[in-house]
1. List the number of the failed condition for Trp7; all other conditions in (1) modelled with pLDDT under 90; (2) among the hydrophobic types (A, V, I, L, M, F, W, C); (3) in contact with a strand residue (DSSP E or B) (Cβ under 9 Å, 6 or more places away or on another chain); (4) over 24 Å from Leu202 (Cα atoms) hold.
2. Could you run through region 168-182 and say how many residues are assigned to a strand (DSSP E or B) and on the phi > 0 side of the Ramachandran plot?
3. State the number of residues belonging to region 149-165 that are exposed (fewer than 15 other Cβ atoms within 10 Å of the Cβ) and over 16 Å from Ala283 (Cα atoms).
4. Could you list, in sequence order, the residues of region 239-279 that are among the hydrophobic types (A, V, I, L, M, F, W, C) and open to solvent by less than 10 Å² (accessible area, probe 1.4 Å)?
5. Using the structure shown, decide if His185 is assigned to a strand (DSSP E or B) and not small (Gly, Ala, Ser).
6. Testing Ser229 on (1) of a type in the set (S, T, N, Q); (2) farther than 25 Å from Val125 by Cβ; (3) modelled with pLDDT under 95, one condition comes back false. Which one is that?
Amino acid sequence: MSARRDWLRRALGGGAGLALGWTGARAQPVAVLELPQEHAVPGGVVLIPLGPAAQMPRAEHQGVPLLVVGDPIAWTAVLGLALAAAPGAGEIVVRRDDRPPERLPYRVAPHRYAEQRLTVAPRHVELSPADLARHERERERQAQIVARFSRPLPVTLRMRAPVGGPRSSSFGLRRIFNGQPRNPHSGMDIAAPTGTPVVAPLDGEVVDVADYFFNGRTVWLDHGGGLLSMFCHLSAEHVRPGDRVRTGERVADVGATGRVTGPHLHWSVSLNRAMVDPALFLAGSTD
């Protein structure tokens with residue numbers, strides 16, 4: 001063990017929380033901290049320096065815990081911004097054991113996503129009472145999933161693409177059907193044939209496998225610290241809730257289930273309960 005790492009270990013009382021790999025019992029130190037690209041716009045990510053501290057600070061945004069990464073030399077809060085976030089000033093609350101809570105500011109820049117206006121038959125946009133009730137139940141279930149904040153924390157915040165293929169640039173796209181606006185598109189669509197393997201972009205735990213009205217067959221992975229991935233429109237799943245998977249492990253197959261016009265993977269990334277642009281997490285991405 002290097003002298004620096006030995007010092008960090010002593011600074012943390014001999015073990016916990018050295019860097020990203022908190023297990024609750026001992027640390028999993030990492031040599032290089034890989035962060036997502038910062039893009040301080042609605043649907044983006046803000047990196048907020050917290051400075052040095054012997055113990056990992058705790059941070060929250062509007063009462064929601066934030067992912068904090070780093071080591072005693074430099075900690076960083078990683079904040080996901082919802083697509084509905086208003087441009088302007090915001091702040092997070094940071095708590096340390098040896099001082100009163102402090103408020104740290106950040107700013108959200110305006111960003112205009114594309115709009116698409118479509119005229120379709122009413123049956124394609126107006127749900128029956130039964131379908132609407134099902135959708136409301138499923139929305140509540142998924143809200144409980146994205147509210148998770150688990151450990152261990154991820155050992156990197158750079159992901160691999162879950163499937164190869166052309167990626168759409170439709171994150172944040174707002175579709176307006178027959179004059180009625182719908183929620184912005186909250187993920188990345190990757191074109192691939194039915195049956196193409198879908199792999200885990202990061203280590204994680206399978207927390208949901210279900211068939212949803214809009215999303216079709218779906219798998220949720222919890223990567224820790226409020227960071228989750230959702231894969232939709234699948235043709236098959238190869239995991240079940242409670243399974244732990246490693247980066248690159250096959251979890252499902254591409255399909256065309258749910259409300260889609262053809263086979264592709266819809267991949268969403270949720271951070272502190274906000275759907276953010278998956279492209280910001282892709283290793284080597286220049287998007």
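The values are calculated or read from the model by the stated rules, or taken from the named source; none is laboratory data. Since the structure is predicted, the reported quantities are computational estimates derived from the model, not experimental observations. Note that we place each Cβ from the backbone using ideal geometry, even for glycine, and neighbour counts take in every protein chain shown. Keep in mind that these areas ignore ligands, DNA and RNA; they rest on the heavy atoms of the full protein, side chains included. Shrake-Rupley method; radii C 1.70, N 1.55, O 1.52, S 1.80 Å.
1. It fails just one condition, (3).
2. Of the residues in region 168-182, the ones assigned to a strand (DSSP E or B) are 174-177, 180-181.
The next check asks that each one be on the phi > 0 side of the Ramachandran plot; those that pass are none.
The total comes to 0.
3. 1
4. Val245, Val251, Ala252, Val254, Leu265, Trp267, Val269, Leu271, Ala274, Val276, Ala279
5. Answer is no for this residue.
6. Unmet for Ser229, out of (1) of a type in the set (S, T, N, Q); (2) farther than 25 Å from Val125 by Cβ; (3) modelled with pLDDT under 95: (3).
For every residue, the table says whether it meets (1) touching a Leu at 6+ places or on another chain (Cβ under 7 Å); (2) modelled with pLDDT under 95; (3) among the hydrophobic types (A, V, I, L, M, F, W, C).
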{"site": "Val163", "(1), (2), (3)": "yes, no, yes"}
{"site": "Pro166", "(1), (2), (3)": "no, yes, no"}
{"site": "Arg175", "(1), (2), (3)": "yes, yes, no"}
{"site": "Leu202", "(1), (2), (3)": "no, no, yes"}
{"site": "Asp208", "(1), (2), (3)": "no, no, no"}
